[in-house]
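To start, the structure under review is shown below, and the notes come after it.
The values are calculated or read from the model by the stated rules, or taken from the named source; none is laboratory data. Nothing here was measured: the structure is a model prediction, and the numbers come from that model. Using ideal geometry, Cβ is built from the backbone for each residue, glycine included, and neighbour counts are taken over all protein chains shown.
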2 protein chains.
Amino acid sequence: MAHGVKQIIFLGDGIGDRPVPALGGKTPLEYQETPALDLVAREGECGLMYPIRPGLPAGSDTAHMALLGYDPHQYYLGRGPFEAKGVGLDVRPGDLAFRCNFATLSDGIITDRRAGRIKSGTDQLAQALNEAFADGIDGVQVIVKESVEHRAAMILRGEGLSMHVTDADPHEVGVPPWDCKPTPGAEQDPAAQRTARVVNEFVRRSQEILSRAPVNVERVAQGLPPANVLLPRGVGTAPHLQPFSEQWGLSGAMIVEVDLVRGLGMYLGMDVVQVPGATGGADTDEMVLAQAAVAALAEHDFVLCNLKAPDLGGHDSTPEAKCAAIAKVDRAVGYLLDALDWDEHVLMIGGDHCTPITHGDHSGDAVPVAFYGHGVRPDYVTQYGERPCSQGALGRFLAADVMYLLGNYAGTIHKFGA
Amino acid sequence: MAHGVKQIIFLGDGIGDRPVPALGGKTPLEYQETPALDLVAREGECGLMYPIRPGLPAGSDTAHMALLGYDPHQYYLGRGPFEAKGVGLDVRPGDLAFRCNFATLSDGIITDRRAGRIKSGTDQLAQALNEAFADGIDGVQVIVKESVEHRAAMILRGEGLSMHVTDADPHEVGVPPWDCKPTPGAEQDPAAQRTARVVNEFVRRSQEILSRAPVNVERVAQGLPPANVLLPRGVGTAPHLQPFSEQWGLSGAMIVEVDLVRGLGMYLGMDVVQVPGATGGADTDEMVLAQAAVAALAEHDFVLCNLKAPDLGGHDSTPEAKCAAIAKVDRAVGYLLDALDWDEHVLMIGGDHCTPITHGDHSGDAVPVAFYGHGVRPDYVTQYGERPCSQGALGRFLAADVMYLLGNYAGTIHKFGA
């Protein structure tokens, strides 16, 4: 068995696409010059990967779970826990986790869902809430943590809770906060009823606590909208996931530009590296991302990188932006090709899902993928892209197969049987 | 997300095949000119579809269940419920359903299993049975309904019944009706024992009831064989299946020539359209079928069409008949291509299974399939057929994937994750 071969997954978020009329019927990957990606395909082994199952559009969270070897059908219980972990909360299996907004309430009506995109002081507001709720609500522990601007996360920890409850955030202004209720079908579930009572009690009391907090007294004096209510939404239950290092026997790092995916990495106990210059936008510095990947490989057995920009071009339906983002992915992969010894490394290039320009959202199409480096068995494919990779030796496979395929090349997957 | 894109599955029943010596070693699809099917393949995305699993021959019922997204391994409990639903019985989950023949009994021996292919009066015979059994048998409700000629269906409704019983129909003449018994392995099962007793009691008493019915008195007077016994066979338990509209969030119509599949459609709450001229035979009018599909698409989100004739050519091992039937499929698909706006529709062409001429029955070979229209990502395939489609970008997939693949193109499948 090989030892010491290191594994890299380099993803262009949402990189796969469909033919685009404005690109002469080519996909962005077919249209854009991608010398590095083409080299990987030409000297590597290619295929088409479905994130979860053929035709099922995946989220960023479920797709990355599958790529890292955790079946989302079995383990995915909402984005809340990964969001909460990503902002630094100590999320434990079984916790209920919510995304929250600090919002502005006036006479019981929400007048600003983002409290004027409040820039500072939310740490003090979160602390005020945590102190006021130190004894919990009806035996349920409540912990709040601020994120950037008006964003925050909250966890509820205790017995007899359920994620089958609706949002308190009404997703619009001019109305009061929604009553949190059991979701349809869970009306008779005592845990859902109890959870809704706790959330409603939290929302009600958060108004008094936040209104008298010095940060808000100051904002009102300055004529700014106070952050005088916290509105939970997007609840999820924190799943029991084995840490990445135990699941695969590999030390893993993640260098990604999406908070939600970073939260997943932290939840799995991976080393989540923040890279200055990796903005998550079209202006991201792909070279610092690639350099960070090379640096992380010196310390870890496995590194997953995700460059977000292609997904943005897909969501915005802008061919030029998606092609430019693909060129960034190509340069980053080119850097890896030059920087690493490929007798000692194995690489997968691809995406977490497709975000077709003509669709403007994630689709359930297969993602073109290529493996390169140690142990890889090259096929006939000479170019990277949706159509060329359809002829690859790996055929069609699922994201759930990736850790096995990669580990197989690296020699880190144990034989099953004798 | 796209809205309003409508979805069509157009099947040639049993269309897939194997090389045929009489066709110079080509398959019927390779031999027959099929300009419309080839266009779909050339401008579409192709693959090979296994109805249930590689190599497992599927029935029409199980293949269509899988195509509509209901796992037959989980939900298929015999054809009886779909037959019974197809003839108009109110079949409910948990009912036992049988196909039946009105037959002729003489001195306790079956002399004609089809009662001279009796043409009329079976509605009165069924009514006589329903009246006579109005109080049920041992607490079990009995409901009979006539179908065409000598055919009928029966349901048993009650507690403590089991589908693990043998047929009362001996499938041959010159012998008495079989005793209905628990199937091997179920001999000690009280529910199977009870069901067998009810069936035997029904068969015994049906003889007296039917013998004195005016329809049979008349037939005897005319020298025709009386329909004086009803012989149940092919029992199945009606499964709990979510209606198609709830399963997929789509209003669905079915235009098919096979009673059994029509019964499945009715069981799923689909709108099952009867088309005059669609005979189910080699003489069927494929253009009225195609026109009916276009009409149904004006009212529904999803339409499944099945033209039966290719399957007949396969079962009869007649290459000319199968090629002629494939030409009919091609003309029907050609009509669809001209009639519909393909920015607003997505089509799958294929079959429910293969019925190879050299085999004379359904096989477990993969079926060539092509998708065309909105959202589809064309591949390198230039022709429709078993060999060309093996090079398609969809590779190998299962019928159970079809509703996801089609819904992915149409934009009607919800994202899993965030």
(message) surrounded by fewer than 24 Cβ atoms within 10 Å (Cβ to Cβ), without any contact (Cβ under 8 Å) to a residue 24 or more places away in the chain and not hydrophobic (A, V, I, L, M, F, W, C): which single residue out of A:379, A:341 fits that description?
(response) A:341
(message) On the basis of being closer than 18 Å to residue A:47 by Cα, more than 14 Å from chain B (Cβ to nearest Cβ) and either crowded, with 20+ Cβ neighbours inside 10 Å or at pLDDT 95 or above (or both), does residue A:326 make the cut?
(response) no
(request) May I ask you to list the residues in the stretch B:362-409 that are in a helix (DSSP H, G or I), facing chain A (nearest Cβ under 10 Å) and not aromatic (Phe, Trp, Tyr)? (result) B:400, B:401, B:402, B:403, B:405, B:406, B:407, B:408
(request) Looking only at the stretch B:241-271, count how many residues are under 12 Å from the mean Cα position of the chain (by Cα), crowded, with 21+ Cβ neighbours inside 10 Å and not in a loop (DSSP other than H, G, I, E, B). (result) 9
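Does residue A:99 meet the test of being in contact with a helix residue (DSSP H, G or I) (Cβ under 7 Å, 6 or more places away or on another chain) and assigned to a strand (DSSP E or B)? Walk me through how you get there before you give the answer.
Working: in contact with a helix residue (DSSP H, G or I) (Cβ under 7 Å, 6 or more places away or on another chain): yes; assigned to a strand (DSSP E or B): yes.
Yes.
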(request) Identify, by number, the condition in (1) buried (at least 20 other Cβ atoms within 10 Å of the Cβ); (2) charged (D, E, K, R); (3) touching an Asp or Glu at 6+ places or on another chain (Cβ under 9 Å) that residue B:197 doesn't meet. (result) (1)
(message) Suppose we keep only residues that are within 15 Å of residue A:260 (Cβ to Cβ) and β-branched (Val, Ile, Thr) within the stretch A:61-104. Which one would you say is surrounded by the most Cβ atoms within 10 Å (Cβ to Cβ)?
(response) A:62
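I'd like to verify a number: residues in the stretch A:145-162 that are charged (D, E, K, R) and surrounded by fewer than 16 Cβ atoms within 10 Å (Cβ to Cβ), how many? Steps first, answer last, please.
Step one: of the stretch A:145-162, the residues charged (D, E, K, R) are A:145-146, A:149, A:151, A:157, A:159.
Checking the rest, the ones that are also surrounded by fewer than 16 Cβ atoms within 10 Å (Cβ to Cβ) come to A:159.
Residues flagged as charged (D, E, K, R) and surrounded by fewer than 16 Cβ atoms within 10 Å (Cβ to Cβ) within the stretch A:145-162 amount to 1.
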(request) Please name all residue pairs, on different chains or six or more residues apart, with Cβ atoms under 9 Å, provided the first residue is in the stretch B:302-328 and is in the same structural domain as residue B:385 (by TED's automatic domain parsing) and under 30 Å from residue B:4 (Cβ atoms) and the second residue is surrounded by 22 or more Cβ atoms within 10 Å (Cβ to Cβ) and among the hydroxyl-bearing types (Ser, Thr, Tyr). (result) B:302/B:412; B:306/B:60
(request) For the stretch A:272-280, state whether one or more residues are at pLDDT below 95, more than 20 Å from residue A:350 (Cβ to Cβ), in a strand (DSSP E or B) and not acidic (Asp, Glu). (result) no
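Taking only the stretch A:55-85 into account, find how many residues are among the basic types (Lys, Arg) and under 19 Å from residue A:271 (Cα atoms).
The initial filter retains those residues of the stretch A:55-85 that are among the basic types (Lys, Arg), namely A:79, A:85.
Checking which are under 19 Å from residue A:271 (Cα atoms) leaves us with A:85.
Adding up the residues that qualify gives 1.
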(message) Looking at B:179, B:135, B:167, B:189 in this structure, which one is touching a Lys or Arg at 6+ places or on another chain (Cβ under 9 Å) and assigned by TED's automatic domain parsing to the domain that holds residue B:232?
(response) B:167
(message) Every residue in the stretch B:163-186 that is surrounded by 14 or more Cβ atoms within 10 Å (Cβ to Cβ) and either charged (D, E, K, R) or without any contact (Cβ under 8 Å) to a residue 40 or more places away in the chain (or both), please.
(response) B:164, B:166, B:167, B:169, B:178, B:181, B:182, B:183, B:186
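Step by step: first the residues of the stretch A:200-240, then only those that are small (Gly, Ala, Ser) and at pLDDT 95 or above, then the one that is surrounded by the fewest Cβ atoms within 10 Å (Cβ to Cβ). Which residue is that? So that I can check it myself, show each step before the final result.
The initial filter retains those residues of the stretch A:200-240 that are small (Gly, Ala, Ser), namely A:206, A:211, A:213, A:221, A:223, A:227, A:234, A:236, A:238.
From the residues that got through so far, the ones that are at pLDDT 95 or above too are A:206, A:211, A:213, A:221, A:223, A:227, A:236, A:238.
Working: A:206: 28, A:211: 15, A:213: 21, A:221: 9, A:223: 7, A:227: 28, A:236: 23, A:238: 24.
Looking at residues that are small (Gly, Ala, Ser) and at pLDDT 95 or above, I get A:223.
Yes/no matrix, rows are residues, columns are (1) outside the structural domain of residue B:204 (by TED's automatic domain parsing); (2) under 21 Å from residue B:129 (Cβ atoms); (3) in contact with a strand residue (DSSP E or B) (Cβ under 7 Å, 6 or more places away or on another chain); (4) at pLDDT below 95:
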{"position": "B:64", "(1), (2), (3), (4)": "yes, no, no, no"}
{"position": "B:70", "(1), (2), (3), (4)": "yes, no, no, no"}
{"position": "B:86", "(1), (2), (3), (4)": "no, yes, no, yes"}
{"position": "B:91", "(1), (2), (3), (4)": "no, yes, yes, no"}
{"position": "B:96", "(1), (2), (3), (4)": "no, yes, yes, no"}
{"position": "B:101", "(1), (2), (3), (4)": "no, yes, yes, no"}
{"position": "B:104", "(1), (2), (3), (4)": "no, yes, yes, no"}
{"position": "B:113", "(1), (2), (3), (4)": "no, yes, yes, no"}
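Here are A:79, A:113, A:117, A:92: which of them is within 14 Å of chain B (Cβ to nearest Cβ) and of a type in the set (D, E, K, R)? Even if it seems obvious, please write down each step before you answer.
On the way: A:113 fails: within 14 Å of chain B (Cβ to nearest Cβ); A:117 fails: within 14 Å of chain B (Cβ to nearest Cβ); A:92 fails: within 14 Å of chain B (Cβ to nearest Cβ).
Within the list A:79, A:113, A:117, A:92, the selection yields A:79.
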(request) Scan the stretch A:42-77 residue by residue and report those that are within 14 Å of the chain's Cα centre (by Cα) and assigned to a helix (DSSP H, G or I). (result) A:60, A:61, A:62, A:63, A:64, A:65, A:66, A:67, A:72
(request) Of the conditions (1) of a type in the set (Val, Ile, Thr); (2) touching a Cys at 6+ places or on another chain (Cβ under 9 Å); (3) closer than 29 Å to residue A:75 by Cα, residue A:381 clears all except one; give me its number. (result) (3)
(request) Within the stretch B:12-31, identify whether any single residue is touching a residue at least 24 places away in the same chain (Cβ under 8 Å) and farther than 15 Å from residue B:356 by Cα, and answer yes or no. (result) no
(request) Please work out if residue B:16 is buried (at least 24 other Cβ atoms within 10 Å of the Cβ), in contact with a His (Cβ under 8 Å, 6 or more places away or on another chain) and either assigned by TED's automatic domain parsing to the domain that holds residue B:250 or of a type outside the set (Gly, Ala, Ser) (or both). (result) yes
